[in-house]
Structure formats: C-alpha cells, structure tokens
Amino acid sequence: MENTYDVIVLGGGAAGLTAGIYLSRAKVKTLILNEGMVGGQMILTYEIANYPGIELTSGFQLSTTMKKQAESFGCDIKQNVQVSSIDLKNDVKKVTVGDTEYTAKAVIIATGGRSRNLGVKGEDTFKGRGISYCATCDGDFYTGQDIIVVGGGNSALEEAVSLTKFAKSVTVVHQFDHFQAFEHAIDVAKANEKISFIMESTIDGFYGEEKVKYVNIKNIKTNEVYKKEIDGVFIFIGYAANSEAFKEQVDLNNYGEIMADNNMATSTEGVFVAGDVREKKIRQIATAISDGAIAAVNAIEYIQK
Amino acid sequence: MLMTNLEHVETAAQHKEIIENNENVMICAGRMGPMCIPVYAAMEELREEYPNIKFLDMEFDAPEAHVIRNAPECAGFMGLPFTMYYKNGKVAKATTSIQMKDQIKAILDEYLA
C-alpha cells in the first residue's frame, strides 16, 4: 500500500504545491511527482512584487516555503523524477516512475509550461553566448552594448525597460503590428528613449563565432530579410503547455492546453487540472494557486463519492 | 556566500587546492538567480550518484571568482552560471547558462568518468 495514494499531483509548481497543501491538510494521502526541481516557473522569477500579503520575495523563497508547508501537512514530494507512463482512463489511476508504479483514485495535472524558443538557426549554439532568456541574470553582461528583445507581451516590454539600465540601446522585435502587453507596460516602453521597435518582423537566424555578432531579421509582410549587427538578444515569447504526455488521456485545445470546467475537472473522470497547463488567459502565480485550491477541493469531493 | 547546500569555494587559493587535490571537480559559479538555482539543485542531487566527483559552488561576484570569470575557457560566455568541470587539475569542459540535470549527467559521464 506504500505506493497507493488518494490523489497524485503531477507537477510541483505553484498550482501543484497549493493542491498538495489543501489535500494533505484535509488528511488526503497525497503524492506530488515533479520532473525537475519543485517550484516550476516560479523559481525562474527573480523578484515577486505582486503576491498578496508579501511585499517582496523571490520565486525560490516562495516555492521553498510552499514546499515546506505541503510537507508539514504530510504531503509526499518526489522531485527530479522521470515519469515513464501514465494511465488515467480507469478508476484506478496509474503513474509509473522507473520501476515503481504509483496508483491513486484521482490525479491533478499541474505540469505547468515552459518558455518558448524561437527554434531558428543558431539559437542552441549561442545560448549563453549572446542569447539569454533572463534579463535579471545576464543583463549586466551587456553594459553599454546594443541588444534586441524579442516579444510583445508584458515580460518582453518590462524586461526591455529593465535592460535599459545596462544596454546602450534596446530594439524590440515583434511579429505583430500591435503588442499583447498591458497598456501601462507599452506606455513605459514607448516613453524610454533607449528603446526602439521593429514591428511585424521575426528573427530568422543567429550568426557569429565565439558569440552572436548579427541576426537576420525578416519582415513578415514583405518577406525582406536583412542583417542587423547586435551584441545580444533576449527572448521573451511566452510559454507552451507541458501537456504532451496527456494528449491521449484528456481533451486538449488547439494550443495543447488541457480543457477543464469551472471545477478544474477535465474530460476524464477523476482527473483535474491546475495552473499554466490549463486553458486560460491569465497565467500568474495568483491564478495558479487559485486553480490548485479549486482542483484539490473538487478532487477531495470526487474521492469521497 | 550562496545559500546552497553545496560546499563553497571562497578564494582563488582554495580553488587551486581543490582542483589540484581532487581528480574530478565540478564548480558552478553563479548567483541566487533563476538560471543558477536549478543547476545547484541538480548538483546537490548528483552528489550521491557520483561519489568520485567533488561538487562545489562559487559566488560569481566575489572578487576571487576571477579564476572562473576570466578563465580562457569562459571567453564569450554571457549567461549565468559559468560551470567548470575539472579533471586532474585541468579544465575538461565549461558551460554557460542553465543546464538541466540530464545535460549535466551527460557531461559528467563524458568528461569526468
């Protein structure tokens, strides 16, 4: 019975840890399985200033506290594990890790999302050599230099502004003729004299030797491709849902996000979803936590039927 | 000092002594930032699996971390952390930016086996 649980939570980010806290506190035998380090996208956030009740914290600190909180209620957490198979279609849900099979009456999928890559020539080669995905980590390497920020959402525009503390110039390259960011973020970026914009364009490839020297920029409307010399490129083009393992188990939308009702119930009985892997508009720690709590409460109701 | 459970390298002299007196050494030079923390976590977990390798970290901004920041193998590096793999006192491999546990294992198996 050691590997038999009431609920298994797949994923240990904000949504998964919240579900773990609610379930364990309700004396529901719970296991969280996480393929990487617990914390998910949260630990990739250097500074969190909009988490209600805490003026300023780091993603690492917040996730460490959430993990401790879940464990204090008796939640089992296994991180850095590789899930090899999942069977959620029957009453007894099965999740296999290596040679070990875990079973549960209900499962909450909280596998989150991952940063999108551009997927163009040279991106892997020059990662850390002129290509970065973290302004707070690597911004100071570009002091006095000319850089590009790719993207048009809140992250892209906020990080572009933040990078002007170091860079001589920041060029925002965005594929559409308008931004997806909030008006405030757009206004702040547009008001910054160091920032310029290249709209309706994408990066077509990265080129250099030891590090990036130039990129090819493609104008989507005219198909014109031209070379731009640059010292560095920061990429902030959103997230993709980590849902590949579930496409045969639950219904996904066209973006690969798991569909659910207001109770976080998926198309499969006894399977719930929470956090960034779910179909939704706003992806924040606050919304992930909300999902996790709702999924947990409804999972409890389900197993008590 | 970095808030990890790894042993810390604090001086250039200590760095020299460690790589000279241990056959296999991995040192991650970073900050407590989002690209560095997952590497420290992976190292902490790999310690048991690779008892023949010494796993340490070093604060990237410490003045004496110049032994890593300015190493020729790190020329062109512009992403934290800078991670060094030493075999018999010599640099066997150096990487820049975040590496996942599987990527680190592949390097350990190839260069510090």
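Each reported figure results from applying straightforward, stated rules to the coordinates on display, with no laboratory input. All values reported here derive from a predicted model rather than from experimental measurement. Backbone-built Cβ (ideal geometry, glycine too); neighbour counts: all protein chains shown.
Quick notes on this structure:
- Signed unit charges on C-beta, dipole axis of the range A:131-235, positive-most listed residue A:139, A:207, A:180: A:207
- Evaluated over chain A, the Cα radius of gyration and Dmax, each in Å: 21.3, 64
- When cysteine pairs in chain A are screened for C-beta atoms closer than 4.7 angstrom, the residues that find no partner are A:75.
- Percent antiparallel among DSSP beta bridges (both partners in the protein assembly as shown, rounded to 5): 45
- Between 0 and 90°, nearest 10: helix A:154-163 axis offset from chain A longest Cα axis: 50
- Calculated on the Cα set of the range A:225-301, radius of gyration then Dmax: 16.8, 59 Å.
- Kirkwood Rh (inverse of mean 1/r, distinct Cα pairs), the range A:131-235, angstrom: 13.6
- All alpha carbon pair distances within the range A:1-51 were sorted into 5 Å bins beginning at 0; the resulting P(r) in whole percents reads 5, 20, 25, 20, 15, 9, 4, 2, 0.
- Kirkwood Rh, angstrom, the range A:1-96 [1 / mean 1/r, Cα pairs]: 14.0
- Along each principal axis, Cα extent of the range A:242-282, largest first, Å: 25, 21, 14
- Cross-link reach list, lysines versus residue A:68, counting only Cα pairs under 23 Å and skipping chain neighbours closer than eight places: A:27, A:29, A:78, B:101
- For the range B:7-111, alpha-carbon Rg over 2.2 N^0.38 Å: 0.95
- A straight line joining the Cα centroids of the range B:35-113 and the range A:71-123 runs 28 Å.
- Couplings 3J(HN,Hα) for the range B:99-110, derived from phi with the Karplus relation 6.51 cos²θ - 1.76 cosθ + 1.60 (θ = phi - 60°), are 10, 7, 3, 5, 5, 5, 4, 4, 5, 4, 5, 7 Hz, where x marks Gly and Pro.
- Of B:53, B:35, B:72, farthest towards positive along the dipole that unit charges on Lys, Arg, Asp, Glu beta carbons give the range B:7-111: B:72
- Taking the Cα centre of the protein assembly as shown as reference, the dipole from Cβ charges on Lys and Arg (+1) and Asp and Glu (-1) amounts to some 360 debye.
- The residue among A:8, A:28, A:18 whose Cα reaches farthest toward the positive pole of the charge dipole of the range A:1-98, with charges on the beta-carbon of Lys, Arg, Asp and Glu, is A:28.
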